[in-house]
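**Student:** To start, I am sharing the structure in question, which I have written as structure tokens.
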Amino acid sequence: MATIKYTLIRKLRKEQGLTIEALADKAKVGRSYINHIELGTMEPSIATLKRIAKALGTDYKELLK
């Protein structure tokens, strides 16, 4: 089973100059949820991961390992 590349989500967000709040708005999820995902304390569903990937301009498969 694939796992999420939590650090890559954070890296891409920062490279794009997005705050956690801005990414959350673009992905239509809560700010604290993005924070938990980046910390690796919560794992998003594939549907949510796809929204985050789209907000970051990448394919969701790039966020899996």
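The values are calculated or read from the model by the stated rules, or taken from the named source; none is laboratory data. Quick caveat, the model's predicted, so the values are computed rather than measured. Positions of Cβ are backbone-derived with ideal geometry, glycine not excepted, and every protein chain shown enters the neighbour counts. Side chains are part of the model used for accessible areas, which takes the heavy atoms of the whole protein and leaves out ligands, DNA and RNA. Shrake-Rupley method; radii C 1.70, N 1.55, O 1.52, S 1.80 Å.
**Student:** Hey, any idea what % of the chain's accessible area is carbon plus sulfur with a 1.4 Å probe?
**Tutor:** Of the solvent-accessible surface of the chain, carbon and sulfur hold 52 percent.
**Student:** How much area per residue is accessible in the chain when the probe is 1.4 Å and only protein heavy atoms are counted (Å²)?
**Tutor:** 62 Å²
**Student:** What do you get for the angle between helix 46-56 and the principal long axis of the chain? Use alpha-carbon atoms, 0 to 90 degrees, nearest ten.
**Tutor:** Between helix and principal axis, roughly 50 degrees.
**Student:** How long is the gain from residue 42 to residue 25 if the chain were fully straight, where each residue apart is worth 0.36 nm and the alpha carbon distance is subtracted?
**Tutor:** This chain segment gains 4.3 nm when fully extended.
**Student:** Sticking with this one: Nearest 10 degrees is fine. How inclined is helix 6-15 to the longest principal axis of the chain, computing both from alpha carbons?
**Tutor:** That works out to roughly 30 degrees.
**Student:** What order, most packed first, do the peptides 39-47, 17-25 have when packing is the mean number of other Cβ atoms within 10 Å of each residue?
**Tutor:** 17-25, 39-47
**Student:** Now, a different point. Divide by every residue of the chain the summed helix terms, -39500 (n - 2.57) for each DSSP H run of at least 4, and state the resulting mean residue ellipticity at 222 nm, rounded to the nearest 500 deg cm²/dmol.
**Tutor:** -17000 deg cm²/dmol
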